[in-house]
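Data block below; observations after.
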Amino acid sequence: MIRRLGQRGSVLVGLAAFGVAAGNAGCSSGARIAKENDRLRLEREALSDRVDSLKSQNAELRARVAELTREVDADASAMLPRVASLSLDVDVLDRGEQQVLRAKVTPRDGRNRFVQAVGSLRADVVRVDADGSSSVEVSASLDPNALRNSYRSGFGGSGYVVEFTVNVPDDAEPGFSRLVRVSFDDAITGLVHEAEALAD
């Protein structure tokens, strides 16, 4: 009887061990399936975003073709907003021993409202020393495509954003200031618009 019980106990222990192993295998398999499902979901979302982007690009191309093949009424053309001026805001973000100068350029029409711009933009960070001398520390040039890609919109309004990374002034250095200067070459009108603002 004792031997039978021992054999039976061994069988039960073996079955229990098999159940634990099977459970672990099931958990591992479930984790792999969940991970694969997450990967497929992210891939599907990326493909969906890509399809939406292509649809938007095709719609814009059709609009361009329609514009080229259609004579625009003179009165309607006169109502198209053009860039009349620029406004410039500069935020300074501390990053340890460096600072990020975030310049937002806002083109405005004749009614002082934001208007999208097409053209090239040059932005300079200028160091102005206490004696009045100045020098360009860093520059950025944006072609029409890069300018379009720099467009941002949010609670602070719409505009084109350019960021620069500069060193934090050393305490031993004589006092100086920085300003950001921008120049926009309008591809539609051929006019050049400029603006500048202190980085403080």
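Rule-based calculations on the coordinates, nothing more; no lab input. These numbers come from a predicted model, not from an experiment. For neighbour counting, all protein chains shown are included, and Cβ atoms are generated from backbone atoms with ideal geometry for every residue, glycine included.
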Item to check | Förster radius 22 Å - calculated FRET efficiency between Asp109 and Asp185, Cβ distance, rounded to 0.05 | outcome: 0.80
Item to check | Computed E for Lys55/Ser177 - FRET, C-beta separation, R0 35 angstrom, nearest 0.05 | outcome: 0.15
Checklist outcome for this item: Along the dipole axis of segment 143-200 (charges at Cβ: +1 for Lys and Arg, -1 for Asp and Glu; origin at the Cα centre), the most positive-end residue among Pro169, Ser183, Gly156 is Gly156
Item to check | Candidates per trypsin sites (Lys or Arg not before Pro) in segment 105-200, loop by DSSP, up to 16 other Cβ within 10 Å | outcome: Arg111, Arg113
Checklist entry - Hey, rough spin-label estimate for Asp75 and Ser141, points 7 angstrom out along Cα→Cβ, what's it come to in nanometres? => result 4.4 nm
Checklist entry - With each pseudo-label sitting 7 Å past Cα toward Cβ, what's the Arg41-Gln98 distance in nm, one decimal? => result 3.6 nm
Item to check | Taking the convex hull of Cα positions in segment 27-168, its mean projected area over all directions (nm²) | outcome: 15.4 nm²
